[in-house]
Each structure stands twice: as structure tokens, then as C-alpha cells.
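Take a look at the structure set out below.
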Amino acid sequence: PALRELGFEVERFGVSALSVSAAPEIVQSRAIERTVRDIFADLEGSRQALEPLRERLRRSLACRSAVLFGTSLPAGQLLALVERFEAAQQPLTCPHGRPVALAFSWDELKRKFDR
């Protein structure tokens, strides 16, 4: 049910096989298998046993579907990402709490560029 809430349709076959018939739009079709495997690996290796399963799944999916550094995107996608970034409730960190942006005052910028 938790995977279904995220947009996955997964059916279990036997002990260790799954069939994925649907995935969230943010997961590229060529990355569905890797994303599902990574989500289960994240859950297995999680040290945060007290964190609710649904929240762990959301964090894992967000991490796995993120645009990686150095990826080239069309201008429209870049603009959409910036708009979503600005609308986020906690826009300065990734789902794991790592910073994704830094704020500098005008004076700090001038000092860094010796101006």
C-alpha cells in the first residue's frame, strides 16, 4: 500500500520476484527497475527503524528521482525545477537534510570576489 501511494503498481511473484506495472511520472522508464531495487535496498539498510515506512519511501523516492549534478536539462525543465524549489516548504535541504543552496549577503559576495 505504501508503494501504491507513491504511484507504483507492484505485484509479488514467489519469494524474490516483483512485477512493476506502473511507476510515478518522475521516475524515468529506463530507471524503474533500478529505482525499485534502490528503494528496497534503502529500506533494508535503514538505521532509522522508528521512522514510518511511508516517510522513508518518500525520502528514498525523492533521492532516487533527483536530477544529478552535471545533468543537462532543457530550459523549460530548469524553470520548472526553480519554481518547485522556491515553492518548497524546506527549500534549502534535500530529503536527507543536506544543503542544496546557500544564502550570501551582498557584503559577503563582495568580499569573496575582492570587490
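Ligands, DNA and RNA are left out, and with a 1.4 angstrom probe the accessible area of the chain is 83 Å² per residue. Using a probe of 1.4 Å, the accessible surface attributed to VAL15 totals some 130 Å² when neighbouring protein chains are kept in position.
Here region 1-42 is treated with +1 on each Lys and Arg Cβ and -1 on each Asp and Glu Cβ, and its dipole about the Cα centre works out to around 120 debye. Note on exposure: GLU25, GLU5 ranked by accessible area (1.4 Å probe, complete protein assembly) read GLU25, GLU5, with the most exposed listed first.
In the set (1) 48; (2) 36; (3) 24, the label that goes with percent of Cα pairs over 22 Å apart computed for this structure is (1). For the chain, carbon and sulfur atoms together expose 55% of the accessible surface, with a 1.4 angstrom probe and every protein chain in place.
The values are calculated or read from the model by the stated rules, or taken from the named source; none is laboratory data. None of these values were measured; they are calculated from a predicted model. We place every Cβ from the backbone using ideal geometry, glycine too, and count neighbours over all the protein chains shown. Areas reflect the complete protein model, heavy atoms only, side chains present, ligands, DNA and RNA absent. Shrake-Rupley method; radii C 1.70, N 1.55, O 1.52, S 1.80 Å.
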